Amino acid sequence: DYIEQSPVKRRDELGELSEGIMYMSREIEQSFARQKQFIGNISHEFKTPLTSIMAYTDLLDMYQDDPALLEEARLNIRKEADRLLEMVEKVLYLSAMEQYEFSQNAETLDVSETLSDVCSRMSGKAVQFGLRIDTELQPALVLADRESLMHIFLNLLDNAIKYNVEGGQINVSCKAEGNQCVVVIRDTGIGIPQEARAKLFEPFFTVSKDRARLTGGTGLGLSLVKRLVELQGGQVALSSPPIGGQGTVFTVTLPIAPSASA
Ligand code: ADP
């Protein structure tokens, strides 16, 4: 009799409730584990630029009579400090996200307008790198937080510029497909190796330390993008470039605003 009534075997409401509670406790456990790992990563990642800054500071004394070396040390300290500041800002942003009430700040927005705004903001940087941004924007209304949308697209475009090649191109498109708004950001850059794809959206993941150093990357941008897209009820994915093509394609899908799809 006891075995039949055992919480794991029960098919009735109590059984469902106990399964629900077990599911929730597993989720909480996993979330704790993720947070622990995140804090471990932060400490590790912050140590690298700090160690570098300390080493260069020690060298300043030795370099006192050599203005060229002194200037080089100063520039390196500045570069590492900038990286550190960027990391702190992104970590603070990520943690602020967790408390943010999205539903209260959501408004009906035309994604094509936000994208057009973002593209013109980034056009200066693109020109600086010798890149062209082409757009194909059709109206698509979504219910989302304006600042988050800006942040998502700014980050993806910044990467499309940072990891591109001289004379390269960036294509940004958006359209409504059924009850989804589909945004595609395509670049002709250095691409993402197959083996890096699975981990790409994890915090602090960079494809290789070298390419990140060159551009001052933190490996936090895409994890922030993923979190922000999910908080708007959408999804972000890395698609393969067309066969024979090079570069990277990111696709963001967001639900069309309820009144607009009716
Ligand atoms: P980062 O601040 O290092 O750019 P991200 O989280 O934005 O961090 O990106 C993680 C890694 O993914 C980067 O280090 C980069 O190597 C790779 N990556 C991201 N976007 C692109 C892209 N458009 N083309 C090529 N590589 C990219």
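Is it the case that some residue within the stretch 86-93 is over 15 Å from Ser173 (Cβ atoms), open to solvent by less than 40 Å² (accessible area, probe 1.4 Å) and in contact with an Asp or Glu (Cβ under 9 Å, 6 or more places away or on another chain)?
Within the stretch 86-93, one or more residues are over 15 Å from Ser173 (Cβ atoms), open to solvent by less than 40 Å² (accessible area, probe 1.4 Å) and in contact with an Asp or Glu (Cβ under 9 Å, 6 or more places away or on another chain).
Output the residues belonging to the stretch 203-262 that are in a loop (DSSP other than H, G, I, E, B), closer than 18 Å to Ala140 by Cβ and modelled with pLDDT under 95.
Residues of the stretch 203-262 in a loop (DSSP other than H, G, I, E, B): 203-208, 216-220, 232-234, 240-247, 257, 262.
Still in the running and closer than 18 Å to Ala140 by Cβ: 232-234, 257, 262.
Gln232, Gly233, Ala257, Ala262, listed by residue number.
Would you tally the residues in the stretch 237-260 being surrounded by 14 or more Cβ atoms within 10 Å (Cβ to Cβ) and under 18 Å from Asp110 (Cα atoms)?
Selection size over the stretch 237-260: 8.
Restricting to the stretch 164-184, what's the tally of residues that are at negative phi, surrounded by fewer than 21 Cβ atoms within 10 Å (Cβ to Cβ) and touching a residue at least 24 places away in the same chain (Cβ under 8 Å)?
Adding up the residues that qualify gives 12.
The values are calculated or read from the model by the stated rules, or taken from the named source; none is laboratory data. Computed from a prediction, not measured in an experiment: that's the story for all the values here. Note that we place each Cβ from the backbone using ideal geometry, even for glycine, and neighbour counts take in every protein chain shown. The accessibility values were calculated without ligands, DNA or RNA, using every heavy atom of the protein model including side chains. Shrake-Rupley method; radii C 1.70, N 1.55, O 1.52, S 1.80 Å.
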